[in-house]
Amino acid sequence: MSAAVRIRRALPDDAVAILDLERLFPGDRMSRASVRRFLRMPQAAVWVATQRAAVVGALILLGRRDSAWARIYSVVVDPALRGRGLGQRLVRAAEREARRRGACGVSLEVRADNAAARALYARLGYAQAALLHAYYEDGAPGIRLKRHFVG
């Protein structure tokens, strides 16, 4: 039986573990300075999923004063734990925070070829808002997704 996974707000000491997870992306990876900056920014909220004290997932949510939308900047889950609902739990935590901050909804970008992530977001009620040609550093297209909060 595997240990329970806990979702919590990230701490400054989580920066290296978040960066290690970010290395799982095929491109457009964050730098150590970026991760540390997000952990300090008042308009950012960072969550981690932990199992036995190890960081196994992370999400970065950004807010802007000039936008009614919150933006999920990054979501990553350790490949060994994918398919267990951690991504969904992280996204739901971000949505709760976005609502608390008064956002009208959440937007994000995802690689067009990331079928697993696109399926997750579809299950959570996100709809395609734009196709982003050559959006990623390797030239891959992206898709902007949005979920407008109702009520």
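The values are calculated or read from the model by the stated rules, or taken from the named source; none is laboratory data. Here the structure is a predicted model, which means the values were calculated and not measured. Cβ coordinates were reconstructed from backbone atoms using ideal geometry, including for glycine residues, and neighbour counts include every protein chain displayed. We work out accessible area using only protein heavy atoms, side chains counted, and drop any ligands, DNA or RNA first. Shrake-Rupley method; radii C 1.70, N 1.55, O 1.52, S 1.80 Å.
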Could you look through the range 108-130, keep only residues that are outside any helix (DSSP H, G or I) and buried (at least 20 other Cβ atoms within 10 Å of the Cβ), and pick out the one that is modelled with the lowest pLDDT?
ARG111
Kindly state which strands (runs of 3 or more DSSP E) lie completely within the range 6-84 and contain at least 1 residues that are under 19 Å from ARG118 (Cβ atoms), among the hydrophobic types (A, V, I, L, M, F, W, C) and open to solvent by less than 30 Å² (accessible area, probe 1.4 Å).
54-62, 69-77
So for the range 140-148 (the condition being more than 24 Å from VAL5 (Cβ to Cβ), open to solvent by less than 20 Å² (accessible area, probe 1.4 Å) and part of a loop (DSSP other than H, G, I, E, B)), does at least one residue qualify?
yes
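Take the range 1-19 and flag every residue that is farther than 15 Å from LEU59 by Cβ, touching a residue at least 12 places away in the same chain (Cβ under 8 Å) and out of contact with any helix residue (DSSP H, G or I) (no Cβ under 8 Å at 6 or more places or on another chain).
Looking only at the range 1-19, we keep the residues that are farther than 15 Å from LEU59 by Cβ, and these are 1-4, 12-13, 16.
Checking the rest, the ones that are also touching a residue at least 12 places away in the same chain (Cβ under 8 Å) come to 2-4, 12, 16.
Hits for the range 1-19 are SER2, ALA3, ALA4.
Could you list, in sequence order, all residues of the range 72-93 that are in contact with a helix residue (DSSP H, G or I) (Cβ under 9 Å, 6 or more places away or on another chain) and of a type in the set (D, E, K, R)? Spell out the reasoning first.
Step one: filter the range 72-93 for residues in contact with a helix residue (DSSP H, G or I) (Cβ under 9 Å, 6 or more places away or on another chain), giving 72-78, 82-83, 87-88, 91.
ASP78, ARG82 - these are the residues of the range 72-93 that are in contact with a helix residue (DSSP H, G or I) (Cβ under 9 Å, 6 or more places away or on another chain) and of a type in the set (D, E, K, R).
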Could we say that ARG89 is touching a residue at least 40 places away in the same chain (Cβ under 8 Å), part of a helix (DSSP H, G or I) and open to solvent by 60 Å² or more (accessible area, probe 1.4 Å) here?
yes
